[in-house]
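**Student:** So that we are looking at the same thing, I have put the structure below in structure tokens.
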Amino acid sequence: MLHESAGAAADRRRSSRSRPEGEGEGGDLRHVILVADRFAQFADGEQVLTVSECTALAAAGKAEPTDGEWMLHLGQGIERSDLDALLDDGATKKGSGMRLAAPGLPLSRPVRPPVVHKHRAENVLLADFRNFSKTHCAAGLRIHRDNEHLLDHHATRHVPGMLIVEAMRQICTAQFETSHRPGSPSEYAGIWHRIDISFDSFLFPLHAEVHSVITEFDEAKKSRLRFRTTTSARQNGGVVARAEIEYSMVKQERIDLLEHRKAAGAVQSQLARPQGL
């Protein structure tokens, strides 16, 4: 999705490069962030481009090497298929005037869906997960363009707050699965008792990190382990959101029995009430 025609956008951006922004081969070097089309409202057409805008500029032949190079840095929502498409369209080939920053580096390594108790890879929000200790971990925020929290969000420039909440839930789950899960074949499910969250700023579709620090935990009962954590979402050196979270990881068979009993009780209570109430 483009904000204006490809030709008009290309002409505007080409003229804007008259101000020096660093020297590159053959002229100025512009550093530009590339984001998925999903984040078109965030793309300002100058320092942030969508994949479609980048492709259109290359096709229009406006990003010429004689005017300087455009160095593309990856923002959120960029998948391998996007990079392959840019390469196929010639946007980042030699002589196109555009190239990827650190082209030899792989894309971020998403956490496997089971580690964050998800089924679909596009709903995983963590990548490059690392444990600093048994109580402190961090991961890069990784937002797939088709993440469930983006599909029906009112179009704005920032990332939905509920996506941040889900990222915090996922890092707590990943922390349990990688550092505290008993050596048992049983599956575990999370029960979330309290999430006290505050938002200090907007989160934008750029690089960000999520941290979790366990402040209290009770592992006496292997069938039900209780945790208290402090989590935060960080971007550009600042804290965007922070939360105090209390949760338990309970064996799946116990959850199944509890849910079955409570579900039956809820149905009986509903049927026992006067109709319409």
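**Student:** Treating only the Cβ atoms of Lys and Arg (+1) and Asp and Glu (-1) as charged, compute the dipole magnitude of the range 135-253 about its Cα centre; round to the nearest 20 debye.
**Tutor:** Here the range 135-253 has a charge dipole of around 160 debye.
**Student:** Could you bin all the Cα-Cα distances of the range 189-277 into 5 Å bins starting at 0 and give me the percent of pairs in each, rounded to whole numbers?
**Tutor:** 3, 12, 15, 14, 12, 12, 11, 10, 7, 4, 1, 0
**Student:** Size of the range 100-179 along its principal axes in angstrom, Cα-based, largest extent first?
**Tutor:** For the range 100-179, the Cα spread along each principal axis is 39, 32, 21 Å.
**Student:** While we're looking at this one, here's another question. Give Lys134/Lys251; Lys221/Lys251; Lys118/Lys262 a once-over and call out the pairs whose C-alpha atoms are over 19 Å from each other.
**Tutor:** Listed pairs above 19 Å: Lys134/Lys251; Lys118/Lys262.
**Student:** Report P(r) for the range 175-219: all Cα-Cα distances, bin width 5 Å, range 0 to the bin holding the largest distance, values in whole percent.
**Tutor:** P(r) for the range 175-219, in whole percents per bin: 5, 10, 20, 21, 16, 14, 8, 5, 1.
**Student:** Ratio of the range 117-246's C-alpha Rg to 2.2 N^0.38 Å, to two decimals?
**Tutor:** Ratio of Rg to 2.2 N^0.38 Å for the range 117-246: 1.05.
**Student:** I'd like to know which of Pro160, Phe202, Cys172 lies farthest towards the positive end of the charge dipole of the range 93-230, counting +1 on Cβ of Lys and Arg and -1 on Cβ of Asp and Glu.
**Tutor:** Highest projection toward the positive end goes to Cys172.
**Student:** Quick check: pseudo-label points 7 Å beyond the Cα along Cα→Cβ at Ser184 and Gln252, how many nm apart are they?
**Tutor:** 1.4 nm
**Student:** Something else about it: Take Trp192 and Glu216, extend 7 Å from each Cα along the Cα→Cβ direction, and tell me the distance between the two endpoints in nm.
**Tutor:** Label-label distance for Trp192 and Glu216, simple model: 2.0 nm.
**Student:** Evaluate Rg over Rh across the range 218-266, taking Cα atoms for both radii and Kirkwood's formula for Rh.
**Tutor:** The Rg/Rh ratio comes out at 1.22.
The numbers here are math on the coordinates, done by the rules we state, and not lab data. For clarity, every value in this text was computed on a predicted model and none was experimentally measured. Glycine also receives a Cβ, built like all others from the backbone with ideal geometry; neighbour counts cover every protein chain displayed.
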